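Participant: Handing you this structure, nothing more for now.
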């Protein structure tokens, strides 16, 4: 399990209710390697993510990806480009046996209900642009996320919107 942070000095993760939580239970949040790319961003950066699924139609795939071979795209606003380029992001490795899957119909995160200690010190993630490139994820910049978000939320693509409340208003 992984937890991403701009703070390299965390020594324990205590359950808490996030300010944006939809549930009242306190959790320690983590992601698995498959979900990690959604967190290769400054923490507060609003982002709209889309990917091809088994149910994605060819028309929707073509509309979002064009002729490109990639099957995942991350979109952020230009106002976050410099911060994306300069942020120092760290990954904490956490013991998997402390976590349970979270999310319906398919888990999108993992949660623990007790304090969790990292397996070691935080590790620098490195250049976020390079991570996207090496993972074959399109990284796009737009003036405003909402037009893109409106398109993908009515498509057959898999989607995730993170920190959208920080996006430029419509």
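Rule-based calculations on the coordinates, nothing more; no lab input. As the structure is a computational prediction, the values presented were derived from the model and not from experiment. FYI the Cβ positions are ideal-geometry reconstructions off the backbone, even for glycines, and counts take in every protein chain you see.
Participant: When you count, for each residue, the other Cβ atoms within 10 Å and take the mean per peptide, how do 113-123, 146-156 rank with the highest first?
Facilitator: Highest to lowest by the protection proxy: 146-156, 113-123.
Participant: May I ask for the distance between the Cα centers of the stretch 111-152 and the stretch 60-103, given as a whole number of Å?
Facilitator: Cα centroid of the stretch 111-152 versus Cα centroid of the stretch 60-103: 3 Å apart.
Participant: Further question: Residues in the stretch 112-143 near a label at residue 78, defined as backbone nitrogen under 12 Å from the 7 Å Cα→Cβ point?
Facilitator: 141-143
Participant: Roughly what % antiparallel, to the nearest 5, for the DSSP beta bridges in the stretch 29-170?
Facilitator: Once the DSSP bridges in the stretch 29-170 are tallied, antiparallel ones form about 75 percent.
Participant: Once the piece of chain linking residue 18 and residue 164 is laid out straight, how much longer is it, given 0.36 nm per residue of separation minus the C-alpha distance between them?
Facilitator: Using 0.36 nm per residue and subtracting the Cα-Cα distance, I get 51.1 nm.
Participant: FRET efficiency for residue 25 and residue 108, Cβ-Cβ distance as r, R0 = 22 Å, nearest 0.05?
Facilitator: Computed FRET efficiency for residue 25 and residue 108: 0.85.
Participant: Next question, about the same structure. Per residue of the chain, what 222 nm ellipticity follows from adding -39500 (n - 2.57) for every DSSP H run with n ≥ 4, rounded to the nearest 500?
Facilitator: Result for the chain: -4500 deg cm²/dmol, rounded to the nearest 500.
Participant: Once you put a point 7 Å from the Cα of residue 88 and another 7 Å from the Cα of residue 115, both along the Cβ direction, what distance in nm separates them?
Facilitator: Inter-label distance under the simple model: 2.6 nm.
Participant: Which residues among the stretch 139-166 fall inside the zone where the amide N is under 15 Å from a point 7 Å beyond the Cα of residue 44, along Cα→Cβ?
Facilitator: The answer is 163-166.
Participant: Obtain the nm distance between the two label points defined at residue 62 and residue 123 by a simple spin-label model: each point lies 7 Å from its Cα along the Cα-to-C-beta direction.
Facilitator: In this crude spin-label approximation the distance works out to 4.2 nm.
Participant: I need the shape label for the chain. Rule: rounded when a/c is under 1.5, else prolate if a/b > b/c, else oblate, with a, b, c from the alpha carbon gyration tensor. Each step should come with its number before you reach the end.
Facilitator: Values: a/c = 1.74, a/b = 1.49, b/c = 1.17.
Prolate, because a/c is 1.5 or more and a/b exceeds b/c.
Participant: Still on this model: Which order, highest average first, do 6-12, 50-56, 129-135 follow once you tally other Cβ atoms within 10 Å for each residue and take the mean per peptide?
Facilitator: Final packing ranking: 50-56, 129-135, 6-12.
Participant: Can you tell me the order of 16-22, 93-99 when each peptide is scored by its average per-residue count of other Cβ atoms within 10 angstrom, highest first?
Facilitator: Averaged packing, sorted descending, gives the order 93-99, 16-22.
Participant: Between residue 146 and residue 96, what is 0.36 nm times their sequence separation minus the Cα-Cα distance? Round to one decimal in nm. Walk me through the numbers on the way to the answer.
Facilitator: Working: separation 50, 0.36 × 50 = 18.00 nm, distance 3.53 nm.
Difference between extended and current length: 14.5 nm.
Participant: Under the rule a/c < 1.5 gives rounded, and otherwise a/b versus b/c splits prolate from oblate, where does the stretch 7-90 land using the Cα gyration tensor?
Facilitator: Details: a/c = 2.41, a/b = 1.60, b/c = 1.51.
In terms of gyration-tensor shape, prolate.
Participant: Quick one: length gained pulling residue 153 to residue 54 fully straight, 0.36 nm per residue minus the C-alpha distance? Working shown, then result.
Facilitator: On the way: separation 99, 0.36 × 99 = 35.64 nm, distance 1.63 nm.
Here the segment from residue 153 to residue 54 would lengthen by 34.0 nm.
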